[in-house]
Amino acid sequence: MTRDRSVAWLIGLHGLALMVAFPLGPQQSRLWHPGVSGVGALVAAFPVAAVIGGLVARRASRLLMDTRAHALVAVGGMLAAILSTNYPSFFAARALAGLIAGISVTALHRSFADGGVTPVMTKFAGRVIAFGMPVCVLTATLLDLRAASLPICMGFAWVACRSPRIGDLAAPESLAHIVAEGAPAALVATSALAFVSSAYLTVLSGFLVYNAGHTELHIPLALLIGAGLSLAVPQALGRLKQHLAPGAIFAGALATAALSLLSLLALRSALPAALAVGLIGCFIAINTARHLGLSGLVLPRLRTEETPAHQAHTYIAHCLGSGLGAMFAGTVIYLIPGGKLGGMQVMLAGGLAATALGLVAGLAAAQPTASPAARAANAKSRWRVAASLVRSVRTSITRTPGTPT
């Protein structure tokens, strides 16, 4: 196995370890009865710890790029989750796995000083997540909540066996001057979109089982449908890029996502299995479209030497938004008489607000970076700042492909 393929596997497996806890609310309640807030805290443990790990790796002056070492350490984190005996130990194991993932993924992104992780590698990692999720959730449903980590652990062990034996040491000078200039708005958009995705994915399985009256076996089916639909998303966006401006594609994906959030309110009542499962599958595929649309806006604006650091910072921002979204869901969702979940209206309001923030930040990120003199002049007038932002958003949506901004 080449190092590039090993890195793609590692990024995908760490992403799978992050995402696997989202649809396991019913399994958590069945095993340890942590309550809605406990479910949200357990989901948030991994991404919050990953943020800490990512910041540590971001500051490291010398990063070990041996993919075998990354995989072996990750096996230890997964084994801790598999062997946990109660809720506190499983919570600690998830936090440990998140810390390992944050250090590993950030280091792996920053190791590619020649242009970052390629789209082919990202696509492969996304498929590992998409099709690994149904396997892990089905394993947890048939066996035990802790067994969801077993396929991931086996994946890391397989990568450790197949990875190149000799790793590379990234020289400090190759990383010291890499900065993601002009990317703060993109990181805000990434965090906002991750917040929305995390908040709803944290409780969707509970709504499907408790509010819509279906079984836990419908959860992996919904994930499998979402994975299948997500395969068509990159091809569809690639065709749209030939006819529409990137800003219009991004705005359209967000509008579709907002409509899907409104339709999810129907999960408060019983739904036919095909409708409920298909609705959640579409929501998962739409999440893919949103993040791909944002990448299409931002990546073309980065210089080659900026891309690795931007990808590392994007991962940290995504984990930050995911952790906040899971905690938000655990706070606003509550049990109502009859064993159902309430509070969807509050979460909908928070999700729509975060979606609006992601839209504005994403479109602003596609605009040319102003010079220091221009920023100083605009800072003297709040009206100029607001007018400039409106012009930026309007230009991002209406500009045709290939037209200079």
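Please treat every number below as a calculation from the coordinates, not as lab data. Remember, predicted model here, so these are calculated numbers, not experimental data. Note that we place each Cβ from the backbone using ideal geometry, even for glycine, and neighbour counts take in every protein chain shown.
Some notes on this structure:
- The order of the peptides 331-342, 188-199, 76-87 by mean Cβ neighbours within 10 Å, most packed first, is 188-199, 76-87, 331-342.
- Residues with amide H under 5 Å from that of Lys340, placed H, sequence gap 5 or more: none
- Across the stretch 1-136, the relative contact order, built from alpha-carbon pairs under 8 Å that are at least six residues apart, equals 42 percent.
- For the stretch 1-144, the C-alpha radius of gyration divided by 2.2 N^0.38 Å, with N the number of residues, is 1.07.
- Sparse packing (at most 13 other Cβ atoms within 10 Å of the Cβ) combined with a DSSP loop state is found for the following trypsin sites (Lys or Arg not before Pro) in the stretch 11-95: Arg62.
- Ranking of Leu143, Leu352, Leu16 by count of other Cβ atoms within 10 Å, fewest first: Leu143, Leu352, Leu16
- Rh by Kirkwood over Cα pairs, then Stokes-Einstein D for the stretch 3-365 at 0.890 mPa s and 25 °C, µm²/s: 121
- Relative contact order for the stretch 3-365, counting Cα pairs under 8 Å that sit 6 or more residues apart, in percent: 29
- Phi-derived couplings, Karplus 6.51 cos²θ - 1.76 cosθ + 1.60 at θ = phi - 60°, listed residue by residue for the stretch 337-353: x, x, x, 9, 10, x, x, 5, 5, 5, 5, 4, 4, x, x, 5, 5 Hz, with x used for Gly and Pro.
- Chain lengthening between Ser89 and Ala353 when straightened (0.36 nm per residue, less Cα-Cα): 91.5 nm
- The stretch 1-24-the stretch 196-234 distance, computed between alpha-carbon centres (Å): 19
- 3J(HN,Hα) couplings calculated from phi for the stretch 128-141 with the Karplus curve 6.51 cos²θ - 1.76 cosθ + 1.60 (θ = phi - 60°) are, in sequence order, 4, 5, 4, 8, x, 4, x, 5, 5, 5, 5, 4, 5, 6 Hz; Gly and Pro show x.
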